[in-house]
Structures are given as C-alpha cells and as structure tokens.
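The values are calculated or read from the model by the stated rules, or taken from the named source; none is laboratory data. All of these numbers come straight from a predicted model, not from anything done at the bench. As a convention, Cβ positions derive from the backbone with ideal geometry for all residues, glycine included, and neighbour counts pool all protein chains shown.
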Amino acid sequence: MDGRKKESKITILNLIQSEHSRREFLKKTVIGSSALLFSSLFVKRVFAQRAERPTYSMILVDYNKCTGCRTCETVCSAFNNKVKIGEEELPGLGNPYYSNIRVYSFNPDVDIPVTCLMCRDNPCIEACPVEPDPKTGRKALYRDEKTLAIKNDPVRCIGCGSCAEACRTKRIGAIIPNPQTGKPERMCTLCDGDPQCVKYCPYGALAHVVGRLDGKHYGFSIEEIAEKLTKLWYYNERNK
Amino acid sequence: MAEKLFGYNGVILEIDLTSGKVEKKPLSPDDARKFVGGRGLGMKILWDKLRKPGVNPLSPENPLIFMPGPFSGFPIPSSSRTCIVTKSPHTSPVKSKYPYASTISYSNMGGFIGPEIRFAGYDGIVITGKANSPVYIVIDDDKVEIRDAKKFWGMGTDEFDRKFIEELKDRRFRTCYIGPAGENLVEYACIINTAARAAGRGGTGCVMGSKNLKAIAVRGTKIPPVADHKRFLQLLEEARNGFKGTPYTENWRRYGTASAIISSSDAGSQAVKNYREGTFLDADKIGGISAEQKIWIRDFACYCCPLACKKSGVVRTGPYAGLVHDGPEYETGTMMGANLLVSDLEGLMKEIYDVDDFGLDQISTGNVIGFLMEAYEKGYIDSTFLDGIDLKWGDVPAILKMIRKIAMREGIGDLASKGVKRLSERIGRDSYKFAIHVKGHELAAWNVHVSLTQGVCYATANRGACHLNGHNPRAQNLNAMNDSLGLCRFAQGGFRQGLIRELLSAITGLDWTEEEYLKAGERIFNLEKAFNYREGFRREDDTIPDRFFEEPLTVGPRKGAVLNRDEFKKAMDDYYKERGWDLITTKPSAEKLRSLELEFVIKELK
C-alpha cells in the first residue's frame, strides 16, 4: 500500500513486516534464524534455538516505524512509578523524566528510543565493584533470573557510577546515574513480562524479544546510530 | 492553606529582558478557571499587562507569552501545542486614534516544548523588556539563565537547531527560536522548533526579535497534579483506544494535511494564483500522492500523537537534490505552490525549506509573493520596482530571490516585509482589490469564492484573517477552548463527543459541563474582541477583499462561483446578533460581557 515503506528494504528489524503481529514476529525471530541481522546497528548476531531455555529478553526498536512521539516514555514512567490513591496502587501520570526508555531526537529527523539492551556480556555488571554476595553470587548490579532484566540492589550499591560509565562508553548509554545518589537508574524492568512501551506504541515500533543470544554487540552510541540512520534514509545514493 | 490547584503547576514564569529579572508569579485559580490556559490564559495575561490601547507591539512593553494548557504534559493523544500570545506587529485598523493600533495575536505550534514547560514547573512563560544584545534563555526546572547569543545571531533555523542543542549538551532540552526574518523584524516572522514546526501566523517571531531574543530552551522533571487520578487514567485509555486503527488515523498518518491539496482543489476552495482561482490544474503534481512517491521518507509525530502528520523527506532530482526537509503540507504546499502556480514539487520543497530556514510565515510569504506576481503581471509594477526580479507565475528561482529579499529586508523586501496591505497602499490604483488580507493579516490557503461562511470565518477572526477561526460563533468558541487546552486541532475528530470535557474535569476537578465549556470559549473570544475594539477596530475592519465578490472563478468544477455582497452583509449581521455585539460598531454589549464574567472589560470600552 504505502510506497515509502515498500521502498525501504533495509530496515533495522529486517524481518518484520508492517502488518505482522508480535506473535508472528517472535516466531520468525526465534525459529532457526541463524546469523539473523536483527537490530543490525547494535547487535551483530543472534542465534536463537527454541529447545533451549531463553537467556535473553529485551525491547527491540524498529527505527523505521518510530515517529518520535514518546508515548513509550509516558507509559513506561506510569507503570514503573506507581502512586497510591486511597487504598489503591495505580499507574502514575507518565512524567517522561522517570521513564526507562528515552527518545533522543536529531535533525535531520531521526528519533532514537534508547533502552537497556540487556547485553549478554553485560559490561555494566562487569564494571560493578561491589563484592558478589556469597549466598546469591550477586553484585549490587545483577541479572534477575526470572525476568532476565538487569537490576540494582540500592542497599548494596555504593553509587560509584561505574555501571553507567561502562554502558555509556561500551554500549548505548541507557543507564543514567541518579544526580543525587549516583545510583544507576533507567534500567528496563520489562514491566513484569508485559512491557508497556510495546503494548502502547501507536506505531508498532517496539517488540519484546525472548530467546538465546550469541555474538557481539557493536556498541554504537546514540549519535553513531543517528548518523547511520541519517545516511541510510536521507543521504543514500538510492535517493539520487 | 491555599486551595490546591489541580491540573496546573500554579506558577507563571516572568522574565524581564531589560533588567534580567526573573520572577515566579502565582497563577490565580480564578484566572485558570475562567481562561483555562493556552490562548485564553495568554489573552488574560496580555490584557493585564497592557493596560492601555495603542502600545507599540515592538516596544519592550509588549509581552511575548508562551502558553501550554491544562492538557500539556499529560500523555493525552496530541496534547503537544503551545500557544504564543502577544500584541500583533502585523495588523492595523482602517482608522484609529492610536498610531500603533493592532489586534491581539496568537499562534500555536506542536512539537515538545509545551509539555516541557509544564515539566519544568510552569503554566506559562511571559517575556517582557528588551535585551541589550542578542540572548537566549535556558530554563532548567527552577533555574533560569539568560545567556549571550551573539554568535548565533543571523543563523538560519536549520543550522541553529543543530548547533543550539550541541551547545546545551543535552538532547532532552526542548527549544524554539527565530531565524533571520525575526531578527530583522519582518512583520510576519515566525517562531520555529525542531527546524520545521512553526508558530507561523501573526508575527510572533517579529516580537521575539524585537526583544533581542534568539531562542528559549526548556528542560524539566516535574508534572502537575490531577484531581481525579483514577478517572483520568480511565479516560486516557479510552482516548488512546479511540485512535486505534480508524480510517481517521490512517489518513492522517499517510498523507497528513497534504491530502487536502487535491481535495480542496477539486472543491474549488484552494488559494490559486493569488486567490483568483479555487482550482489548481496541476494540484496532483504537488499533492500528497506525488510527494509520497517522490519526496517523503518518514512520518514524525509531536508529543504523544498517534497521527504523525509530519512527513520528512529528501529531494532526489534537479538542482535541489539532497535537500532534506518536511512538506509539502496543505498550507505550505498551497501558499508556496498552488497560489504561485508552482507545479515543480522539488522546487516547492526548496521554497518551503528556505521560508522555514529564514523563519518566515509560509502563509503570509506565499500570499505576499502571489500579490506581487499579480501586480507585476498586470503592469502595476515593473521589474525595477522588484529590484530586477522577473517575478513570473511559477518561477521558482525568482520566488527564492524574493523570499531572501523579504527575510533580509533588502530593497523591495523591506516594503514586502510589511505585508500586502502596505504593498497595495504603495502600489495604489485598485490593487487593494487583490491584496488578500483582513486587518492587514494575509489570508491562508482556503479560498473564499465557494463558501460564504469561510468569508465570515476570515472576517471575524481576532488575529486578522485566520482559517482556523471557525465558521460560526459556536465553532469559534469551541476552537478557542481547544487552543486553550494545548490540544491539537487535527486530533479533535479522534475524541468521542464529550471526552475532551470529561478529561478536563478529571484533571481540574471542576465540573466542565457543555454549557460551561462553551461559555469559557465565548469568554476568551470576547476578551480578544474587546482588546481589538479598544484599539479601534470596528465593523469596517471585519470584511474580506473585493475579489471574492467581483471576480467569479473561471476554471474547475466550481467555475462561476462568487460571493454576493448582500448575503455576506446579512451573514455578518446575523453573526453580530448571535454574538450580542452592536451591529454598527461591533462593540460587545455590557450585559454580554457581564454574563461572561468580564466586568473588568466594560469600563475600558468607550
């Protein structure tokens, strides 16, 4: 139907078609797709095998579909910052400052939603200087076995900012230290398994992917991704 | 303890650029209830600040008021608008005892800065005074700084947009700014954000330039309180669902306003050849379908908007290949395209880019150039008058030269920077018949021959000719409310009947019945009208150019369409009666003003 969308063959999630549901997306992504270039700008390879227990769960962005509306920020913030109204605990009003997914805008128009990549080799946890707990084996920063999300134990965290620095220099810079305490914030919680950003994105630009992951991360910064997308979209030879 | 004000931060930020003084003034709960926010509350603040008529709009005294509304900052679909209110530098009455008499001006823009002003803890920003040299303002939550902007003065909006965010060192700042046109005090200069979204109309950028203010940057961490949290969340869910998968949403996403370039041309309601015609035979060459194939790459949305009507693209062929910008939309494509008989889509993109980059209003610029083209064609002016430019219909390079002259106010550009009213006064003869303005403000891209109520809409708009005014008092009152909430007009149709009011009630805790809602809109409209009346605007100012009564359309499906003067006069009589305004002077009656709780206005209107 839409000439523009057909034309852009190189998409960041190059297996997703616009009409496909999340279920179909998952099927396609997870089943036997060796060396699938998904999210090609920052993840080099994905090997997913159905039989094995998933080790990886994350939010993937299709930059081609993102319009930069920031609805994701508001629903993330609302879900993860609940408020008590009378006896009830309800989602907050969606102040985007407290969102774990953050959209960065560029000129020419490119919008980069940034959220924790849940990196398999987790440089943030590697950088955490807190001694592992003898019982759980966890540092202050650890991967939660159930949700597979990266979490911080605020009691044990010393607020040194090493994790944020590691994320910023080696990956995308999703972790932001709290300006007062220095403790890491903005790590994706995956919303207890039902990511609100995926659910509410009006443009279907986000997907929740569960599987096994192998290979290396490119580790591009937000600026580098923006530059690549700008070239790909606006300054591509095909446009001439 | 003071009563808690729900739906508002309760603070108006006031910055005086002359002294550098920054004040945080409490927002009066009574004003919030009566004037809501955005356009309405901005008007009330303007009224309070300008206590006498005839203030020079370019004097330090004239406040420049940035107003989000009570919806701003909440994730309600398409609540992204900021209304900028000031005294217009571009309108004038037929006669008045005040040399600087002008109307109010309001102009709103989408993007992200309206919500961000609320996140920073304010319900509005009022800027007065004039800085000694170019400055910009940074608002970082409670911290407000005025910084030197000399190195940015003269910079186009596209380059400035990129350089400024680098200077601020955080992409989470939201910015808006003027281009060279605003710095040079072109009367119809605009304020731009994200290098393309504009508060285009009414010369807000000219007032900003007069204050030596290049830009504003805002960043915040807060959000205002709502009265009924649970109800608000329910209504929010309903509002979001209302946009899902509907043809309404799909059409906006696919074409934005550009779909109207062809439909309006087919209906004979497009501004074509300086409003001489209503149908552009080449409309398909510049319309949404062509643009989709040849230019557009991606859709972009304002804050929490499910419609994404902004189409960004790139010019792929011809002398402007490689140019990246958004458009054409209906207004930009019609005013810089159809109205100038430009059918070269790539050339049109370059025009749109240049107009935005200089920080000019696309509508007034296209109207002014169309007027000059017609005067040139008719031999009222020659190329010497135009500094040697051979300004023929459809000639893109000539148009580009003229755009530059206007923005820089060079040669003929100086006079053209004052709009078609002043141009026709200089050119003389019967050129006033095709100087397409009301109160000095140029008409927009909707032509009038085919619609009497479109004429009433333009004639009665408080900022001078305005296509968004509304075709009757009820529509005008509703629109005034819409502009006061911070909600986008394009999204209105996606809300269930009554849902907007219910959201406002849940946010503010006040019971917004339909009656109260319409009354508030009427109150806002009447306060604007009272301001204009005090300046000296009368019934003779509420008219539309002769062209629409005297020159029937000669092409298209509506060939022969023309308005009838008697019918127009009667429609205007009916309008004033319904408004409760005097038929001869248009003065709002004291009882009307009293019924709208505008007692403070009565003694000001002699």
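Please work out if B:ARG162 is part of a helix (DSSP H, G or I), out of contact with any Ser or Thr (no Cβ under 8 Å at 6 or more places or on another chain), of a type in the set (Lys, Arg) and surrounded by fewer than 24 Cβ atoms within 10 Å (Cβ to Cβ).
Taking the combined requirement at face value, the residue satisfies it.
For B:MET208, are the conditions met, namely being within 14 Å of chain A (Cβ to nearest Cβ) and hydrophobic (A, V, I, L, M, F, W, C)?
When the stated conditions are applied, B:MET208 does not pass them.
Taking the stretch A:175-227 on its own, how many of its residues are under 27 Å from B:PRO75 (Cβ atoms), among the polar types (S, T, N, Q), within 14 Å of chain B (Cβ to nearest Cβ) and surrounded by fewer than 20 Cβ atoms within 10 Å (Cβ to Cβ)?
Total meeting the criteria: 2.
Restricting the search to the stretch B:356-382, which residues are buried (at least 24 other Cβ atoms within 10 Å of the Cβ) and acidic (Asp, Glu)?
B:ASP356, B:ASP357, B:ASP361 - these are the residues of the stretch B:356-382 that are buried (at least 24 other Cβ atoms within 10 Å of the Cβ) and acidic (Asp, Glu).
Condition test on B:GLY242, is it in contact with a Gly (Cβ under 7 Å, 6 or more places away or on another chain), within 12 Å of chain A (Cβ to nearest Cβ) and not hydrophobic (A, V, I, L, M, F, W, C)?
yes
Which of the following residues is surrounded by fewer than 22 Cβ atoms within 10 Å (Cβ to Cβ), of a type in the set (A, V, I, L, M, F, W, C) and either modelled with pLDDT of 95 or more or under 30 Å from A:LEU90 (Cβ atoms) (or both): B:ALA227, B:ALA258, B:ALA271?
It is B:ALA227.
Does B:PHE537 meet the test of being closer than 30 Å to B:SER263 by Cβ, crowded, with 18+ Cβ neighbours inside 10 Å and in contact with a helix residue (DSSP H, G or I) (Cβ under 9 Å, 6 or more places away or on another chain)?
no
Here's a check for you: in the stretch B:293-337, which residue that is in contact (Cβ under 8 Å) with a residue 60 or more places away in the chain and among the aliphatic types (A, V, I, L, M) is farthest from the other protein chains (Cβ to nearest Cβ)?
This residue is B:MET335.
For the stretch A:128-138, state whether one or more residues are within 14 Å of another protein chain (Cβ to nearest Cβ) and of a type in the set (Ser, Thr, Tyr).
No: zero hits.
Does the stretch A:147-169 include one or more residues that are within 14 Å of chain B (Cβ to nearest Cβ), within 16 Å of the chain's Cα centre (by Cα), surrounded by fewer than 23 Cβ atoms within 10 Å (Cβ to Cβ) and touching a residue at least 60 places away in the same chain (Cβ under 8 Å)?
No, there is no match, as no residue in the stretch A:147-169 is within 14 Å of chain B (Cβ to nearest Cβ), within 16 Å of the chain's Cα centre (by Cα), surrounded by fewer than 23 Cβ atoms within 10 Å (Cβ to Cβ) and touching a residue at least 60 places away in the same chain (Cβ under 8 Å).
Restricted to the stretch B:105-120, and to residues that are more than 12 Å from the chain's Cα centre (by Cα) and outside any helix (DSSP H, G or I), which residue is farthest from B:LYS310 (Cα to Cα)?
B:ALA120
Can you tell me which of (1) within 17 Å of B:ALA32 (Cβ to Cβ); (2) within 14 Å of chain A (Cβ to nearest Cβ); (3) under 13 Å from the mean Cα position of the chain (by Cα) is the one B:VAL85 doesn't meet?
The failed condition is (2).
Could you check, for the stretch B:47-69, whether at least one of its residues is touching an Asp or Glu at 6+ places or on another chain (Cβ under 7 Å) and not in a loop (DSSP other than H, G, I, E, B)?
The answer is no, given that none of the residues of the stretch B:47-69 is touching an Asp or Glu at 6+ places or on another chain (Cβ under 7 Å) and not in a loop (DSSP other than H, G, I, E, B).
Every residue in the stretch B:383-396 that is crowded, with 17+ Cβ neighbours inside 10 Å and of a type in the set (D, E, K, R), please.
Selection gives B:ASP395 alone.
Exactly one condition in (1) of a type in the set (Val, Ile, Thr); (2) assigned to a loop (DSSP other than H, G, I, E, B); (3) under 26 Å from the mean Cα position of the chain (by Cα) is false for B:ILE389; which is it?
(3)
Out of the stretch A:170-195, which residues are on the phi > 0 side of the Ramachandran plot, in contact (Cβ under 8 Å) with a residue 40 or more places away in the chain and part of a loop (DSSP other than H, G, I, E, B)?
A:GLY173, A:ARG186
Please state which one of B:SER265, B:SER259, B:SER290 is part of a helix (DSSP H, G or I) and in contact with a Ser or Thr (Cβ under 7 Å, 6 or more places away or on another chain).
Of the residues listed, the single one that is part of a helix (DSSP H, G or I) and in contact with a Ser or Thr (Cβ under 7 Å, 6 or more places away or on another chain) is B:SER265.
Can you work out which of the residues in the stretch B:335-373 that are in a helix (DSSP H, G or I), touching a Ser or Thr at 6+ places or on another chain (Cβ under 9 Å) and of a type in the set (Asp, Glu) is nearest to B:ILE262 (Cα to Cα)?
By that ranking, first place goes to B:GLU346.
Can you give me the number of residues within the stretch A:129-146 that are surrounded by 15 or more Cβ atoms within 10 Å (Cβ to Cβ) and under 28 Å from A:VAL209 (Cβ atoms)?
Qualifying residue count, the stretch A:129-146: 6.
Residues that are polar (S, T, N, Q), closer than 24 Å to A:GLY204 by Cβ and at the interface with another protein chain (Cβ under 10 Å from one of its Cβ atoms): list the strands (runs of 3 or more DSSP E) wholly contained in the stretch A:49-119 that include at least 1 such residues.
Of the strands (runs of 3 or more DSSP E) lying wholly inside the stretch A:49-119, those with at least 1 residues that are polar (S, T, N, Q), closer than 24 Å to A:GLY204 by Cβ and at the interface with another protein chain (Cβ under 10 Å from one of its Cβ atoms) span A:102-106.
Residues to consider are B:HIS471, B:HIS449, B:HIS437, B:HIS441; find the one that is crowded, with 24+ Cβ neighbours inside 10 Å and over 22 Å from B:VAL355 (Cβ atoms).
B:HIS449
Do you know which residues across the stretch B:175-186 are in a loop (DSSP other than H, G, I, E, B) and either within 17 Å of B:ILE113 (Cβ to Cβ) or within 14 Å of chain A (Cβ to nearest Cβ) (or both)?
B:ILE178, B:GLY179
Report the residue count in the stretch B:338-352 for those that are surrounded by fewer than 24 Cβ atoms within 10 Å (Cβ to Cβ) and within 14 Å of chain A (Cβ to nearest Cβ).
The number of residues fulfilling the criteria is 1.
Across the stretch B:554-581, what is the number of residues that are outside any helix (DSSP H, G or I), over 28 Å from the mean Cα position of the chain (by Cα) and not polar (S, T, N, Q)?
Residues in the stretch B:554-581 being outside any helix (DSSP H, G or I), over 28 Å from the mean Cα position of the chain (by Cα) and not polar (S, T, N, Q): 7 in total.
It is to be established whether one or more residues within the stretch B:419-433 are among the aliphatic types (A, V, I, L, M) and within 30 Å of B:GLU522 (Cα to Cα).
no
Can you confirm whether B:THR543 is over 15 Å from B:GLY69 (Cβ atoms) and in contact with a helix residue (DSSP H, G or I) (Cβ under 6 Å, 6 or more places away or on another chain)?
So B:THR543 passes the test.
Here is a list: B:ALA530, B:ALA491. Which entry is closer than 30 Å to B:ILE262 by Cβ, in contact with a Pro (Cβ under 9 Å, 6 or more places away or on another chain) and outside any loop (DSSP other than H, G, I, E, B)?
None of the others qualify; the one that does is B:ALA491.
If only one of B:SER59, B:SER78, B:SER28 is within 14 Å of chain A (Cβ to nearest Cβ) and either on the phi > 0 side of the Ramachandran plot or not β-branched (Val, Ile, Thr) (or both), which one is it?
B:SER78
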